[in-house]
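Engineer: Have a look at the structure that comes next, please.
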Amino acid sequence: MQLPKQPFTAYLAPRGFVSDLVRELGGKRAGLVVRDRLVLRPGEPVESAWAHNVWFDPQVITISSIKDAARQLKAIQRNWSLYSVDNHRRAKLIQEQLPHVSAKPIPFGSPLPDSPLGSWTLWSHDTVIASPTCSSPVSDGEYYFVENKTDPPNRAYLKLWETFTRLNRFPRPGELCLDLGSSPGGWSWVAAECGAYVFSIDKAPLDGRIDRHPRIQHCIGSGFGLDPRHCGTIDWLFSDMACYPERLYNLVTRWLELGRCRNFVCTVKLQGEEYAKDLEPFMAIPGSRLMHLSHNKHELTWVLFDTI
Ligand SMILES: C[S@@+](CC[C@H](N)C(=O)[O-])C[C@H]1O[C@@H](n2cnc3c(N)ncnc32)[C@H](O)[C@@H]1O
């Protein structure tokens, strides 16, 4: 398969969301070359919400053998992660000759690896694409945590764990969080376990154990029913409500205009394929970002910190 002209950038799509990444990067007209979940795009890196990992400076390297490939990669830097698209056995043999990179699940609260991690692929029998600089400090941008299988009521807590870990920001003891669309209570549990107080709202009740948490107070109702003018200042607004993006955007801007919420973490639920217009207003909010998390489905997480 033909490579784009250099310079190009490589973007790794989440499993099941290649078409979303391709659309975001400009589709066929942008001259993309797509192989499995790896999307090569001519030109310098562009912002991408969908990419789990961006290979910022891919180099095309001709190799004469497995040993030669490992030698050339090691000459660039120490740590490499393989994303295999072709010649899988040969690629694996090359990776085995490179220093071992730990793939251990991350305990929540511990820092992410800080040594540079490059990504590479064996494009053809004798061609390697290798990028020493990538956006993600973990292989393929996939965040695996040491899971808590007893306390949270579902796996949604992993979305908040990933957000806090990736951005190295956590609710602090004593902070106040408003959790909209909170049931059965995974996000509320995460914030409360960080020591924050949580006021949670959902049309449905919380899981009994979460409801009894001393720092969580739940109210049955609509997350849109609460008027921010009638609340004091809050440290975090969480929303994981299943709702139209426009409705969420209106809610968020009311809080922003009043200047009464410091940090936002909101899931933007997407419908069909024509959602690009729905995302534009979120992307236009200065200082914020949209990202696809390892445990997100067809949705993106919108984050804004330190507004006041
Ligand atoms: C994906 S679940 C939330 C999971 C939750 N974040 C957790 O960690 O357990 C979406 C929730 O949004 C709630 N929801 C949808 N529309 C709502 C609304 N208008 N007001 C309040 N809750 C709403 C649903 O009842 C549902 O419990």
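Nothing in this text is a laboratory measurement; each read-out follows from the coordinates by a stated rule. Everything quoted here is computed from the prediction, not taken from an experiment. Every residue, glycine as well, gets a Cβ built from its backbone with ideal geometry; the counts of neighbours run over all protein chains shown.
Engineer: Work through the residues other than Leu206 whose Cβ is under 14 Å from its Cβ and net out their charges, Lys, Arg +1 and Asp, Glu -1.
Structural biologist: Numbers: positive: Lys203, Arg209, Arg212, Arg215; negative: Asp151, Asp179, Asp202, Asp207, Asp211, Asp240.
My count for the surroundings of Leu206 gives -2.
Engineer: Still on this structure, I have one more. Taking N as the number of residues in the range 175-218, what value does Rg over Cα atoms divided by 2.2 N^0.38 Å take?
Structural biologist: Working: Rg = 8.7 Å, N = 44, 2.2 N^0.38 = 9.3 Å.
Ratio of Rg to 2.2 N^0.38 Å for the range 175-218: 0.94.
Engineer: Now for a separate question. Which value, in Å³ per residue, describes the convex hull spanned by the Cα atoms of the range 157-304?
Structural biologist: Numbers: hull volume 15.3 nm³, N = 148.
Measuring per residue, one finds 103 Å³ for the Cα hull of the range 157-304.
Engineer: Once a ≥ b ≥ c are taken as the square roots of the eigenvalues of the Cα gyration tensor of the range 202-260, is the result rounded (a/c under 1.5), prolate (a/b larger than b/c) or oblate (a/b not larger than b/c)? Intermediate results must be reported in sequence, preceding the final value.
Structural biologist: Working: a/c = 2.39, a/b = 1.48, b/c = 1.61.
Judged from the Cα gyration tensor, the range 202-260 comes out oblate (a/c at least 1.5, b/c at or above a/b).
Engineer: Arg260: net charge of surrounding residues, Cβ under 15 Å, Lys/Arg +1, Asp/Glu -1, itself excluded? The partial results should precede the final answer.
Structural biologist: Values: positive: Arg229, Arg254, Arg262; negative: Glu175, Asp227, Asp235, Glu257, Asp306.
Around Arg260, the surrounding residues sum to -2.
Engineer: Using Cα-Cα distances under 8 Å and only pairs 6 or more residues apart, what relative contact order does the chain have, in percent? Each step should come with its number before you reach the end.
Structural biologist: On the way: 608 pairs, mean separation 41.5, N = 308.
RCO, the chain: 13 percent.
Engineer: So what's the angle, to the nearest 10 degrees on a 0 to 90 scale, between helix 245-258 and the longest Cα principal axis of the chain?
Structural biologist: Approximately 60 degrees, to the nearest ten.
Engineer: Starting with the fewest neighbours, write out Val34, Val138 ranked by other beta-carbon atoms found within 10 Å of each beta-carbon. If you can, show how the numbers build up before the last one.
Structural biologist: On the way: Val34 18, Val138 22.
Listed from fewest to most nearby Cβ atoms, that is Val34, Val138.
Engineer: For the chain, take the longest principal axis of its alpha carbons; what is the angle in degrees between that and the long axis of helix 66-76, to the nearest 10 within 0 to 90?
Structural biologist: Orientation of helix 66-76: about 60 degrees from the principal axis.
Engineer: Where the only charges are on Cβ atoms (+1 Lys, Arg; -1 Asp, Glu), what is the dipole of the chain about its Cα centre, to the nearest 20 debye?
Structural biologist: Numbers: 35 positive and 33 negative charges, 115 e Å.
It works out to roughly 560 debye.
Engineer: Could you let me know the centre-to-centre spacing of the range 204-231 and the range 45-115, using Cα atoms, in angstrom?
Structural biologist: Rounded to whole Å, the Cα centres lie 44 Å apart.
Engineer: Just want the ordering: His125, His213, from fewest to most Cβ atoms lying within 10 Å of their own Cβ. Let's see the in-between values first.
Structural biologist: On the way: His125 9, His213 19.
With the sparsest Cβ surroundings first, the list reads His125, His213.
Engineer: I've got another one for you. So which of Lys5/Lys269; Lys5/Lys67; Lys28/Lys277; Lys74/Lys159 end up more than 30 Å apart, counting from Cα to Cα?
Structural biologist: Numbers: Lys5/Lys269 36 Å; Lys5/Lys67 27 Å; Lys28/Lys277 19 Å; Lys74/Lys159 34 Å.
Those over the limit are Lys5/Lys269; Lys74/Lys159.
Engineer: For each of Leu40, Leu176, count neighbouring Cβ atoms within 10 Å of the residue's Cβ, then give the residues from fewest to most.
Structural biologist: Exposure proxy ranking, most exposed first: Leu176, Leu40.
Engineer: Okay, moving on. According to the Kirkwood expression over distinct Cα-Cα pairs, how big is the hydrodynamic radius of the range 8-141, in Å?
Structural biologist: Working: mean 1/r = 0.0656 Å⁻¹.
For the range 8-141, the Kirkwood estimate is 15.2 Å.
Engineer: What Rg and what Dmax come out for the chain when only alpha-carbon atoms are used, in angstroms?
Structural biologist: Rg then Dmax for the chain, in Å: 21.4, 69.
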